[in-house]
Structure formats: C-alpha cells, structure tokens
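Down below is the structure, laid out as structure tokens.
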Amino acid sequence: MGSRIGRRLHVPAFRLPAPLPRLPALRPPASSGRLHDPRTATAIGRWLGVALAVCFLTGLISHFLQNPPGWLAGYLPSRPVWGYRLTQGLHVGVGLAAIVLLLAKLWAVYPRLFVWPPVRSVMHGLERLSVAVLVASGVFQVLTGLLNIAEWYPWPFSFVPVHYAVAWIVAGSVLLHLAVKAPEIRAHWGRRSADTLTLPDARRDGPDRRALLIGVGSAVGAVTVTTVGQSFTPLASLDLLAPRHPGYGPQGLPVNRTAAAAGVTEDGLRGWYLEVLGPAPFRLTLDELRTLPQVGARLPIACVEGWSVDARWSGVRIRDLMARAGALPGSGLRVVSLEVRGAYRVMEMGREYAQDPLTLLALRLNGEVLSADHGYPARIIAPNRPGVLQTKWVTRLEVL
C-alpha cells in the first residue's frame, strides 16, 4: 500500500502548438516599368474613346430604326439603301475591337484600382465610384454584345432594352471620367507629355510603350480582319471568327430564324392568301400575286448581329398594293406574319419605307422562289432597314 502511494504518476508533458506561418501582407499589385503610367493609359484611352463613341452613335441609329418613337416613325429615311448595312456593320465591328482596347486599358490602369486607402476623401470616393460604374457598365456592354452576335442569351432579361439603357450609363460614365481626369489627360496627351519632360527614365521606356501600343493595334487589326468580312464582303474569305459567313445559307444567304423556329409549317401554308386591308380591302392568292407587275431590285439584307449581304429580289411593290387598297398619300403600313411566336411577328413601317419604289413584297430571291426559311411564300424587303423588320411569311398588310 505504501509503495503504491509513493509512486509518482506519469503525466505526459504539455507542449504549446507551433506558431502558424505568417501570411504575407496584402499589397497592391506592383506595376512593371512605366507601362502602367498615365501616358500609356491616355494613349490607349484615346483609341477606346473613339471606339465607344462610334458604338454609341451607331447603336442609337440601330435602336431608333428598330423601335422608333411615334413622332419619328414616319420620317425614318429609306435611303441610302446601304445605310443600315454600314452603320450596323460598324457597330459590331468596332464593338469587337473595343473588347481588345478595353482589356488593354484595364491592364494599363489596374495597379491604381488597388491603391490604399481606397478612399482618401469625399471627392476621391466619388471618383472611385465613377470608375467602378464605368468599368462595370463597359464590361457588361461588350460582353453582352458579344454573346448577342452569337445569339446566346444566358440571362433572364430582354437584351435590346437593357443594352440600350446601359449604353447611356456607359456614355455618362465616360463623360464624367473625362471631366475628372481632364488635367491628367491634357498633361499626357502629346508626345512631349509631363513625364517625358521631367522623369529621367521616360525616354528609356519609350520603346517599351511603343511595342505595347503596336501589339494592341495588331490585336485590334487581327480581330477586325477576321470578323468584318461578315458585312464587308470583299474580306469574306478571311471571315474566321465572326458568327456568320455572308455566303453561307439557303439560296446563298444566312438565316437567323428558320421556319421551324417560327412555327411555320407546310400545313399552315396550304390555302395561303395575302389579305390587304384598307378603304378598299382585297385578297390575293400566290398565283394572282405572280400575275401582277414584278419589280426587281438588288438590296442588302443586314442583321443586327452585324452580318449583311447583297441579293437580287423580285416581287410586287408595296406602294402598288397599298394604292389598290385605297391608301391615302403618306399612309404607313402594318405587316403581319404567319409565325406563331416572336417579338417581330407584327411590324410597322412609316410612309418613307412604304412609299419607296424599292420596298417590295418579295416572291423570289436570286432568281429562285423563296425557300421556307427565307419567308415563302412572300416576305418584305426594304432599303436601309434592319433584318428583323424584313418580315417573313407575310399573310396580311394593313394600311395605316
């Protein structure tokens, strides 16, 4: 008993855990050389500013041609016939180039996005907020625009009104940014900018900056050359990255919306006739339409996704059909399609389009009867008009 009491209990030694390794302190990204300086940002910003201005102006043209306010609808011009082809081709082509420029601009300025402290004053906070809005809206705009030309919509909202609204946010953010940064932009605009005159290493970094700008310009050129062929057909053979090739599709034209997608079937076309409503309404079968005076016209079809191509169309003048229905001078027209669903199943055109001698109810394309995907038995073709408004599978015309 006593021997047991005298024994010492063995208690394992307690050791403190080893200290955790110290995490490195968070620091802003370090800029390399002077390629992240205001001079580089200003040089790239000039190109980006021009690209955004072109996209904004051509986007306004496209929006008002597709969704004109009531007071403007009767005055939209139908000439030049290639007008929409040019403006929308520029919109998409320059927009693709703007993606490269925006990425280069963000690369040039990103170290300044991580300055510490993030807000030094009320004015500095407002400036940072304006930059955040500009970057977010700009990235949103070019990304959604890119997905739109690929016709992929992985979002729950309607693309057209949101894209139009955000364009105004981008425009306002750019103007605010220019106003805030005007002194800095002015100081670094020319070749003999402030850093060139005061900093000893500026001349040494000049070749690096030129190499960067040449690289950015080459990337813009490569993107443009490999996509612009979808609207500028002399470069169609180089059209490697664009979503459409101008010569690919039934009867030599691309198709965005097929008859199957629109719900137009052979059964639905049986017994088709054209109904023209007005003071003197009438109906015409397809054979009766073919006996009317046929007019031919070479017109481009240009889509909002940027592709366009010339084609030879023939059919009956819209203004002749309206006159037969007793339309008064200056009347507009409502066009109704056979398609069972779609945002453009019903389309209206103002008097400039309706009375233009080149606006046709087309029955033939490139010398052949329209295929089902191109709108058989009859479709609208008009000059200087977005492709979504060149209604296919026409079943009724209503004089307004």
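The values are calculated or read from the model by the stated rules, or taken from the named source; none is laboratory data. Computed from a predicted structure; not experimentally measured. Methodologically, a virtual Cβ is constructed for each residue, glycine included, from the backbone with ideal geometry; neighbour enumeration extends over all protein chains shown.
Of note:
- Close contacts from the range 349-376, counting a first residue that is assigned by TED's automatic domain parsing to the domain that holds Trp393 and on the phi > 0 side of the Ramachandran plot and a second that is assigned to a strand (DSSP E or B) and basic (Lys, Arg), with Cβ to Cβ under 8 Å and a gap of 6+ residues or different chains, come to Asn366/Arg312; Gly367/Arg312.
- Counted residues, the range 127-156 - those being among the polar types (S, T, N, Q) and farther than 14 Å from Leu52 by Cα: 3
- Test for Val388: is it farther than 14 Å from Val81 by Cβ, touching a Cys at 6+ places or on another chain (Cβ under 8 Å) and touching a residue at least 12 places away in the same chain (Cβ under 8 Å): yes
- The numbered conditions (1) at pLDDT 95 or above; (2) surrounded by fewer than 16 Cβ atoms within 10 Å (Cβ to Cβ); (3) more than 22 Å from Glu305 (Cβ to Cβ) are all true for His124 except (1).
- Members of the range 149-188 that are part of a helix (DSSP H, G or I) and among the polar types (S, T, N, Q): Ser173
- Search result, residues across the range 348-360 that are surrounded by fewer than 24 Cβ atoms within 10 Å (Cβ to Cβ) and of a type outside the set (S, T, N, Q): Glu348, Gly350, Arg351, Glu352, Asp356, Pro357, Leu358
- Checking each residue of the range 316-329 against the condition of being of a type outside the set (Ser, Thr, Tyr), assigned by TED's automatic domain parsing to the domain that holds Gly387, within 28 Å of the chain's Cα centre (by Cα) and crowded, with 22+ Cβ neighbours inside 10 Å gives no match.
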